[in-house]
Amino acid sequence: MVDSSGLKVYGNGEWHARKHAANKRRTWRKLHLAVDTDTHQIVAAELSTVSAGGAYDTLGFYAEVAAKKAKAVTPLRYNAQLWEDGHAHNRAVILTKHIGSYH
C-alpha cells in the first residue's frame, strides 16, 4: 500500500514564532510511504516535493531541494526575474508575464 502525507518542517526559531505570534514562513514537505500490508512495515519512503512560501523563491532554495532529489513547489516572488537558461523557475516567470498572476 502506498500513501503520502504533508510534513511541516520546524526550524530553530519555531518556538519563538509561536511564543510571540509571529507570522513566520513555514515549509512543508511531501512524504510518500510504501507499507507491506501483511507485516505493517515501511518498505520504501520517498520525499518528492517541498512546498514553501514565495519568500523561498531563491536559487539557494531550489539548489537545496534539488540536492535532496525532490521537486520545489513555491509561488513566484512578486518581482520574479529570469534565472540561468534551462531553470524550471523561468517557465513560471514567462507564463506569469503572458497570462498573469493569481496575486
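The values are calculated or read from the model by the stated rules, or taken from the named source; none is laboratory data. Being a predicted model, the structure only gives us computed values, none of them experimental. Cβ coordinates were reconstructed from backbone atoms using ideal geometry, including for glycine residues, and neighbour counts include every protein chain displayed. SASA here: full protein model, heavy atoms, side chains in, ligands and nucleic acids out. Shrake-Rupley method; radii C 1.70, N 1.55, O 1.52, S 1.80 Å.
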* **Restricting the range 1-26 to residues that are within 16 Å of A72 (Cα to Cα) and out of contact with any Leu (no Cβ under 9 Å at 6 or more places or on another chain), the residue that is modelled with the lowest pLDDT** => R25
* **Positions within the range 38-79 being in contact with a strand residue (DSSP E or B) (Cβ under 6 Å, 6 or more places away or on another chain) and assigned to a helix (DSSP H, G or I), in sequence order** => Y62, V65
* **Residue within the range 47-61 that is open to solvent by 70 Å² or more (accessible area, probe 1.4 Å), under 18 Å from the mean Cα position of the chain (by Cα) and modelled with pLDDT under 85 present** => no
* Any residue in the range 26-35 that is surrounded by 13 or more Cβ atoms within 10 Å (Cβ to Cβ), charged (D, E, K, R) and farther than 14 Å from V2 by Cβ? -> yes
* From the list A80, A72, which residue is among the aliphatic types (A, V, I, L, M), touching a helix residue (DSSP H, G or I) at 6+ places or on another chain (Cβ under 8 Å), surrounded by 13 or more Cβ atoms within 10 Å (Cβ to Cβ) and over 24 Å from K30 (Cα atoms)? -> A80
